[in-house]
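Novice: Just passing along the structure, written as structure tokens.
The values are calculated or read from the model by the stated rules, or taken from the named source; none is laboratory data. Because the structure is a prediction, the values reported are computed rather than measured. Glycine also receives a Cβ, built like all others from the backbone with ideal geometry; neighbour counts cover every protein chain displayed.
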Amino acid sequence: MNDRVPLPASLEQSAFFMPFSMNRQFKKSPRLMARAEGIYYYTPEGRKLIDGTSGLWCVNAGHCRKRIVEAVQKQVAELDFAPAFQMGHPLAFEFADRLAALAPGDLKRIFFTNSGSESVDTALKLALAYHRARGEGHRMRLIGRERGYHGVNFGGTAVGGIVGNRKIFGALVAGVDHLRHTHDLAKNAFSRGQPKHGAELADDLERLCALHDPSTIAAVIVEPVACSGGVLVPPVGYLERLREICDRHGILLIFDEVITAWGRLGKPFGGQHFGVLPDLMTTAKGITNGTVPMGAVFMRERIYEAFMTGPEMAIEMPHGYTYSSHPLACAAGLATLQVYEEEGLLTRAAELWPYWEEQAHALKGLPHVIDIRNIGLIAAIELAPRAGAPGARGLDVHVKAFESGAYIRVAADTIALAPPLIIGKSEIDQLFDIVRATLRATA
Ligand SMILES: Cc1ncc(COP(=O)(O)O)c(C=O)c1O
């Protein structure tokens with residue numbers, strides 16, 4: 001295969017308004033990827049980059065997997081699109097049933113979306129509508145958590161807790177409140193796996209119940225591990241306590257598993273690792289290995305049943321997207337599940353975990369490193385911010401790593417690593433060697 005792809009002469013005047021990007025900085029010195037294979041990206045000049053963050057936490061089985069590529073190619077030539085409103089196509093039903101068979105507990109009903117953001121807003125609407133269907137329409141409040149990330153639609157932005165993502169968009173959605181985040185460097189720095197201190201932070205939900213009255217609260221949404229907000233691993237006992245408080249007050253617990261699903265924590269779904277079953281679970285990203293946009297909300301049987309009680313000639317959930325259960329996404333998803341199953345990828349992170357943890361924590365003592373966190377096949381290296389310039393050091397690391405042969409994500413000054421689950425030990429070494437050299441070279 002020809003490694004070289006023609007470079008655009010200049011991007012500086014390009015029409016493309018890039019999402020979540022420093023457009024002007026990027027267009028002056030672009031970092032482009034032209035093709036990908038396995039755990040590597042290749043730049044247009046043919047330079048090889050190890051993929052340290054599975055694209056955007058989504059390419060769990062590695063890039064351009066033959067089985068998935070061929071399934072999509074075949075599908076696009078057979079049925080390119082089929083409407084999902086009052087119509088259907090067989091793959092959608094087959095894929096939903098396959099997902100339900102994999103799901104924990106009775107999270108057996110599936111609503112398809114096209115992204116994590118859509119999954120989150122769908123789950124929030126399902127929670128409100130569920131309570132209303134049961135005669136508890138007074139439960140209108142939604143609770144998120146500081147430093148949480150739940151995508152960019154209005155509901156997800158409102159329950160999200162990253163200030164920079166919220167502050168320029170007005171009042172967002174009424175009736176939203178937030179739990180405190182769980183990050184505590186003073187007590188938990190350099191924890192391996194779940195930090196010991198902080199389970200009591202779940203009691204913040206009791207505080208909000210006392211403030212608003214639990215009968216007004218529909219749902220609480222948290223990521224089992226808050227990834228985009230800097231990889232905040234839940235303290236031991238925290239999620240269990242949140243579950244218990246929700247149960248006591250009739251509040252639905254939503255796990256946003258857009259990142260933690262599909263094997264990232266060594267089990268098919270993140271909640272399974274913690275032994276906590278949510279009422280609704282949002283997914284996307286790895287559901288199709290990132291190949292075709294798709295998301296899915298999993299709900300417990302009683303939630304689905306609550307919608308199935310009215311007249312049969314009524315639409316039970318007036319919600320959905322033109323591309324919900326798109327044939328290409330279903331084909332990609334079915335092929336992805338096959339790859340995950342054949343290669344044991346949904347549990348592989350559990351095998352790699354000890355080695356991964358050792359290599360991550362071996363970075364302790366390098367310049368600027370103030371914390372290292374890890375869980376499953378995720379690691380975060382938090383750097384001290386430069387005085388008066390938060391995020392600048394993180395950006396420097398991102399750019400230098402790209403120049404040295406690794407693609408890695410940073411959230412402000414925290415490096416977030418989550419490579420494809422097919423990575424081997426020598427490639428883990430390669431990734432950490434580049435991060436180590438980059439940290440030594442960063443002021
Ligand atoms: C936990 C979580 N929820 C929602 C989203 C939004 O997903 P998308 O970008 O596919 O809309 C993300 C994206 O990173 C995420 O990590």
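Novice: List every residue pair whose Cβ atoms sit under 8 Å apart, with the two residues 6 or more apart in sequence or on different chains, where the first one lies in segment 254-270 and is more than 22 Å from Pro354 (Cβ to Cβ) and touching a residue at least 40 places away in the same chain (Cβ under 8 Å) and the second, anywhere, is more than 12 Å from the ligand (Cβ to nearest atom) and of a type in the set (Asp, Glu).
Specialist: Pairs that qualify, where the first residue is more than 22 Å from Pro354 (Cβ to Cβ) and touching a residue at least 40 places away in the same chain (Cβ under 8 Å) and the partner is more than 12 Å from the ligand (Cβ to nearest atom) and of a type in the set (Asp, Glu), are Ile254/Asp279.
Novice: Going through segment 44-89 one residue at a time, which ones are surrounded by fewer than 12 Cβ atoms within 10 Å (Cβ to Cβ), of a type in the set (A, V, I, L, M, F, W, C) and part of a loop (DSSP other than H, G, I, E, B)?
Specialist: Phe85, Met87, listed by residue number.
Novice: Could you tell me which residue of segment 129-155 is nearest to the chain's Cα centre (by Cα), considering only residues that are within 13 Å of the ligand (Cβ to nearest atom) and farther than 20 Å from Val233 by Cα?
Specialist: Per the criteria, the residue is Val152.
Novice: Another question about this same structure. Determine whether Ala158 is out of contact with any strand residue (DSSP E or B) (no Cβ under 6 Å at 6 or more places or on another chain) and either part of a helix (DSSP H, G or I) or not charged (D, E, K, R) (or both).
Specialist: Considered against the rule, which asks whether it is out of contact with any strand residue (DSSP E or B) (no Cβ under 6 Å at 6 or more places or on another chain) and either part of a helix (DSSP H, G or I) or not charged (D, E, K, R) (or both), Ala158 comes out as no.
Novice: Can you name the number of the only condition in (1) within 24 Å of Gly271 (Cβ to Cβ); (2) within 16 Å of the ligand (Cβ to nearest atom); (3) not in a helix (DSSP H, G or I) that Val173 fails?
Specialist: (1) is the only condition that Val173 fails.
Novice: Still on this structure: Step by step: first the residues of segment 99-116, then only those that are buried (at least 23 other Cβ atoms within 10 Å of the Cβ) and touching a Gly at 6+ places or on another chain (Cβ under 6 Å), then the one that is farthest from Glu257 (Cα to Cα). Which residue is that?
Specialist: Within segment 99-116, the match that is farthest from Glu257 (Cα to Cα) is Thr113.
Novice: Looking at Glu257, Glu305, can you tell me which residue is among the charged types (D, E, K, R), assigned by TED's automatic domain parsing to the domain that holds Ala92 and within 16 Å of the ligand (Cβ to nearest atom)?
Specialist: Glu257
Novice: Test of understanding: among Ile217, Ile162, which residue is closer than 26 Å to Ser54 by Cβ and in contact (Cβ under 8 Å) with a residue 60 or more places away in the chain?
Specialist: Unique residue meeting the criteria: Ile162.
Novice: Quick check: is even one residue across segment 8-15 buried (at least 16 other Cβ atoms within 10 Å of the Cβ) and not assigned by TED's automatic domain parsing to the domain that holds Ile428?
Specialist: Yes: segment 8-15 contains one or more residues that are buried (at least 16 other Cβ atoms within 10 Å of the Cβ) and not assigned by TED's automatic domain parsing to the domain that holds Ile428.
Novice: Here is a follow-up. So is Ala133 in contact (Cβ under 8 Å) with a residue 60 or more places away in the chain and either of a type in the set (Ser, Thr, Tyr) or touching a Phe, Trp or Tyr at 6+ places or on another chain (Cβ under 7 Å) (or both) or not?
Specialist: yes
Novice: Select from segment 232-249 the residues that are surrounded by 21 or more Cβ atoms within 10 Å (Cβ to Cβ) and not charged (D, E, K, R) and list them in ascending order.
Specialist: Leu232, Val233, Pro234, Pro235, Tyr238, Leu239, Leu242, Cys246
Novice: Identify all residues within segment 90-116 that are within 16 Å of the ligand (Cβ to nearest atom) and either free of Cβ contacts under 8 Å to residues at least 40 places away in the same chain or among the β-branched types (Val, Ile, Thr) (or both); write none if there are none.
Specialist: Thr113
Novice: Return yes or no: is Phe274 more than 19 Å from Arg141 (Cα to Cα), within 16 Å of the ligand (Cβ to nearest atom) and in contact with a Pro (Cβ under 7 Å, 6 or more places away or on another chain)?
Specialist: Spelling it out, Phe274 is indeed more than 19 Å from Arg141 (Cα to Cα), within 16 Å of the ligand (Cβ to nearest atom) and in contact with a Pro (Cβ under 7 Å, 6 or more places away or on another chain).
Novice: Applying the selection to segment 188-241, what residues are within 16 Å of the ligand (Cβ to nearest atom) and not small (Gly, Ala, Ser)?
Specialist: Val220, Ile221, Val222, Glu223, Pro224, Val225, Cys227, Val231, Leu232, Val233, Pro234, Leu239
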